[in-house]
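S.K.: The structure under discussion is supplied below as structure tokens; questions concerning it will follow.
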Amino acid sequence: VLAAIGPLLALAKLTGVPQLFVLVGAGLGSAFLPGLPPVRADPQFLLALFLPPLLYAGTVQASVHLLRFALWPGVVVGALVSAATVLAVAAVARLLLPGLDWAPALLLGVVAAVFDTRLFQEAKGRPHVPRAVADALKAREMTSRVVALGTLSLVVASLETGPPDPLVAAGRFLWAVGAGAALGTAIGRAVVWLRERVEPAPVEIAVSIATPYLCSLGARWLGLSLAATVMAGALAVAAVRVDRETGAPRTSSEARISAVAFWEEVSLLVSSAMFFLAGRALPEAMAGLADWPLWRVSGAAAALLLVVLSVQFAFALLSTAMPPVSSVLRERHGEGEGGGASPRTAAAAVMAWASTRSVIGLVVALSLPPAMEDRGL
């Protein structure tokens, strides 16, 4: 897989075909090549190996100030849209796919609820949106991961213990997120303290690699939110890069530049590998849908995509009515230039379009055990 990623990305660049299509198509084609062993991994292995660095790489360039700046249009709306997407997708999936129980339907909703902004960043000629809109979208991305992955933990736990009491589940979720954020902050600050005292740059980067996995191990050991712990660790590292009293950077310029390039490469390689593996797993996954005809599955997929886009657009439109996004849109377009609804609608459409793909959703989908069918689901 690693040998194929580089040439495939180059092929996508040379032909102008979107990377997603090339990677998934190559993975699908490899599934029919004779002599290749099946690429299968333990579900927990995928979550333990790939999820922590993806969460860390997607957060370490952000800051706590961004979350405070985009509190209402990003954090609050992000939590609401994530929960609404999980429930809406689960309800529609149960309606369109007879025999689907609530647990797998909710897991399908979790896959649909997480998203990243790479599609927005990779698009050629991408629209130039105000910084407030981009910040709100980034905050929504971060919040959706905490809510969706927390829901994943609750659903997986319910497979063994049965459905929990709603109040108890809410209390556990809040405790897991709050305690996980505290643990991640402590680990992040400890890692920064250690990075200040080691050199050269490759050793410092090796310490940074340990950060998401230390957070992951701590969260799993204590039963806390993996997403909240890893992301809090990344925010802690990002927050103390510069000494607040002196303004001097805490690490060398070589280490900072190398670390940024390294984590961008990690994100690219892991994302590409997941799309390749998704294409390779597609034939086996389709074979497991023998109980439903192809037309029903295709129609359900199209309907679920429409549900996701509708929910995302509705909440994105709500975000554009909240400060600071609303004030920025008014300043840029004015109340009298084509009406006040047009810029809000355009911004909401861009935010909804940018929220339709997630490599973390792929990690979750590929890590779901087929043994769920044996549990009567």
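The values are calculated or read from the model by the stated rules, or taken from the named source; none is laboratory data. For clarity, every value in this text was computed on a predicted model and none was experimentally measured. No Cβ is skipped: glycine too gets one built from the backbone with ideal geometry, and neighbour counts run over all protein chains shown. Just so you know, the surface numbers come from the protein's heavy atoms only, side chains and all, with ligands and any DNA or RNA stripped out. Shrake-Rupley method; radii C 1.70, N 1.55, O 1.52, S 1.80 Å.
S.K.: Would you mind calculating the gained length between L269 and I209 on full extension (0.36 nm times residue separation, minus the Cα-Cα distance), in nm to one decimal?
M.R.: Values: separation 60, 0.36 × 60 = 21.60 nm, distance 1.49 nm.
Here the segment from L269 to I209 would lengthen by 20.1 nm.
S.K.: When ligands, DNA and RNA are left out and all protein chains stay put, how many square angstrom of accessible area per residue does segment 1-107 have with a 1.4 Å probe?
M.R.: On the way: 5510 Å² over 107 residues.
Using a 1.4 Å probe on heavy atoms only, each residue of segment 1-107 averages 51 Å².
S.K.: Restricting to DSSP loop positions (anything but H, G, I, E, B) with no more than 11 other Cβ atoms inside 10 Å of their own Cβ, which GluC sites (Glu not before Pro) remain in segment 134-241?
M.R.: Working: sites: E141, E160, E196, E204; in loops: E196.
The qualifying sites: there are none.
S.K.: Moving on to the next point. As an exercise, use a Förster radius of 30 Å and the Cβ-Cβ distance of E160 and T356 to find the FRET efficiency, rounded to the nearest 0.05. Provide the component values of the computation, followed by the final result.
M.R.: Values: r = 32 Å, r/R0 = 1.08.
So the FRET efficiency works out to roughly 0.40.
S.K.: Take F21 and A91, extend 7 Å from each Cα along the Cα→Cβ direction, and tell me the distance between the two endpoints in nm.
M.R.: In this crude spin-label approximation the distance works out to 3.5 nm.
S.K.: If you don't mind, there's one more thing I want to ask. Residues of segment 158-182 with backbone nitrogen within less than 20 Å of a virtual label 7 Å along the Cα-to-Cβ line of Q44, please, listed as ranges.
M.R.: 158-162
S.K.: Right, another one. Summarise the accessible area of the chain (1.4 Å probe, protein heavy atoms) by the percent that is carbon and sulfur. Working shown, then result.
M.R.: Numbers: 12730 of 18850 Å².
The computed percentage sits at 68.
S.K.: Suppose R0 equals 22 Å. What FRET efficiency, 1/(1 + (r/R0)^6) with r the Cβ-Cβ distance, do A3 and A261 give to the nearest 0.05?
M.R.: Working: r = 21 Å, r/R0 = 0.97.
Approximately 0.55, to the nearest 0.05.
S.K.: Based only on the alpha carbon positions, what is the Kirkwood hydrodynamic radius of segment 259-369, in angstrom? Please list the in-between numbers first.
M.R.: Numbers: mean 1/r = 0.0577 Å⁻¹.
Over segment 259-369, the inverse of the mean reciprocal pair distance is 17.3 Å.
S.K.: When the Kirkwood radius is taken over all Cα pairs of segment 1-101, what Stokes-Einstein diffusion coefficient follows at 20 °C and 1.002 mPa s, in µm²/s? If you can, show how the numbers build up before the last one.
M.R.: Numbers: Rh = 18.1 Å.
The estimated diffusion coefficient comes to 118 µm²/s.
S.K.: Quote the convex hull volume per residue of segment 62-179, based on C-alpha atoms, as a whole number of Å³.
M.R.: Cα convex hull per residue, to the nearest whole number: 126 Å³.
S.K.: Skip the ligands, DNA and RNA, and give the accessible area per residue of segment 251-298 with a 1.4 Å probe, whole Å².
M.R.: On the way: 2600 Å² over 48 residues.
Value for segment 251-298: 54 Å² per residue.
S.K.: Based on alpha-carbon atoms only, what is the radius of gyration of segment 66-110 relative to the globular estimate 2.2 N^0.38 Å?
M.R.: Details: Rg = 13.9 Å, N = 45, 2.2 N^0.38 = 9.3 Å.
Normalised by 2.2 N^0.38 Å, the Cα Rg of segment 66-110 equals 1.48.
S.K.: So what is log10(I(q)/I(0)) for the chain at q = 0.08, 0.11 1/Å, when the Debye sum runs over its Cα atoms only?
M.R.: The Cα Debye sum returns log10 ratios of -0.43, -0.84.
S.K.: Between S253 and L222, what length in nm is gained on full extension when 0.36 nm per residue of separation is reduced by their alpha carbon distance? It would help to have the intermediate numbers written out before the result.
M.R.: Values: separation 31, 0.36 × 31 = 11.16 nm, distance 3.57 nm.
Full extension of this stretch gives 7.6 nm more.
S.K.: At A182 and A302, where each label point lies 7 Å from the Cα along Cα→Cβ, what is the point-to-point distance in nanometres?
M.R.: Modelled inter-label distance: 5.1 nm.
S.K.: Quickly estimate the mean residue ellipticity at 222 nm for the chain, helices only: each DSSP H run with n ≥ 4 gives -39500 (n - 2.57), and the total goes over all residues, rounded to 500.
M.R.: Working: 16 runs with 274 residues, N = 377.
After summing the helix terms and dividing by the residues of the chain, the value is -24500 deg cm²/dmol.
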